[in-house]
Amino acid sequence: MKRLSLKPLLLLACVAGAAGAAGAQEPCRLGRAVAPDYGGVMLGMTAEELARMFPGSEELPRVAAAGADASKPYVASLGMLELAIRREQFGDAAELLLTFFGGRLHRIDVRYRRPVPWNDVAQFSEQVSRRLAVPSDAWGAPSSDAEKQSRALDCRGFSVVVRIDRGGPSTLSIVDTAPAPPPTPAPTDGAKDAAPAKAPRGRRGRARGRRGAGRAPAAAGEEKKPFEKESR
C-alpha cells in the first residue's frame, strides 16, 4: 500500500486559511475627526450653522434658542420642502432628522424616498460606502427580524447604520459615539460666599507726616484759614 503524501494536503490547508483571512472583516480605523458628512451636514455642527444651510426650517431656530442643555436631546425634522434648497445633495431624501445633544449635532438620520435602488442591506451598505467614502470591508454582518434588516459600520468615534423597515422606509444613520467631555464643575456655595483674603497691613511708621501735607492747594483768591494745633 502506497503512503499518501502530506504535502498536497498541507498546501490545500494553507490556501483555505489564506482565503478565510482575506474574507475576514477588517476593523474600521477612521476616527471621529474624519467622520463623513452627508450633503455638507456634519456631526458636531450647531443648530445656528444648520439654520443658515436650511433657512426654510422652522425647527432649527427653536433648537438654537433652546441652548446647549446637555440634560436632554433635541430633534429637528426637515421635510422635502426644507431640503429642496439643496436638491442636488438631498433629492432622494424624504426626511432629514437631526438630533442635538449638548448644543451639537449628535446624530444624522436620512430617510429615503421610495422606491429605492437596493433590495437588501448588503446592497444598501455598498452604496453608502461609495457615497460616504467609508471602508466597504469593515461592515458588520447583516441582521434581520420580523420588522427590519440592518447593518452597522463601527469606527473609532462614530458609527454608520443602514436599516430597511419591512413595508417602510430605508434609513441611513451617522451617529457620534465618541465619549462626551466631562462637564465643568460648578463652584460650590462655600467658594461663592467666601470673602477674598485681605492683604496684610503694612507697619505704621513712627514719624508722622506734617498735617495737611496731602491737602490740595487753596484756590486763587481763597482766604487761608489759620492753622489749628491738634488738641491733646
Please go through (1) over 32 Å from the mean Cα position of the chain (by Cα); (2) modelled with pLDDT of 95 or more for residue 209 and return the number of the only condition it doesn't satisfy.
(2)
Pair list, Cβ < 7 Å and 6+ apart or interchain, from the stretch 129-143 residues that are farther than 19 Å from residue 109 by Cα to residues that are part of a helix (DSSP H, G or I) and of a type in the set (Lys, Arg):
none
Could you grab me the full set of residues in the stretch 93-137 that are open to solvent by less than 20 Å² (accessible area, probe 1.4 Å), of a type in the set (Gly, Ala, Ser) and over 27 Å from residue 57 (Cβ atoms)?
125, 129
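Per-residue answers, yes or no, for (1) of a type in the set (Gly, Ala, Ser); (2) assigned to a loop (DSSP other than H, G, I, E, B):
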{"site": "62", "(1), (2)": "no, no"}
{"site": "94", "(1), (2)": "yes, no"}
{"site": "98", "(1), (2)": "no, no"}
{"site": "115", "(1), (2)": "no, yes"}
Tally time: how many residues in the stretch 65-92 are open to solvent by less than 30 Å² (accessible area, probe 1.4 Å), among the hydrophobic types (A, V, I, L, M, F, W, C), free of Cβ contacts under 8 Å to residues at least 40 places away in the same chain and not in a strand (DSSP E or B)?
1
If only one of 67, 103 is more than 27 Å from residue 167 (Cβ to Cβ) and in contact with an Asp or Glu (Cβ under 9 Å, 6 or more places away or on another chain), which one is it?
103
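The values are calculated or read from the model by the stated rules, or taken from the named source; none is laboratory data. All of these numbers come straight from a predicted model, not from anything done at the bench. Virtual Cβ from ideal backbone geometry, glycine too; neighbours counted across all protein chains shown. All accessible areas refer to the heavy atoms of the entire protein, side chains included, with ligands and DNA or RNA removed. Shrake-Rupley method; radii C 1.70, N 1.55, O 1.52, S 1.80 Å.
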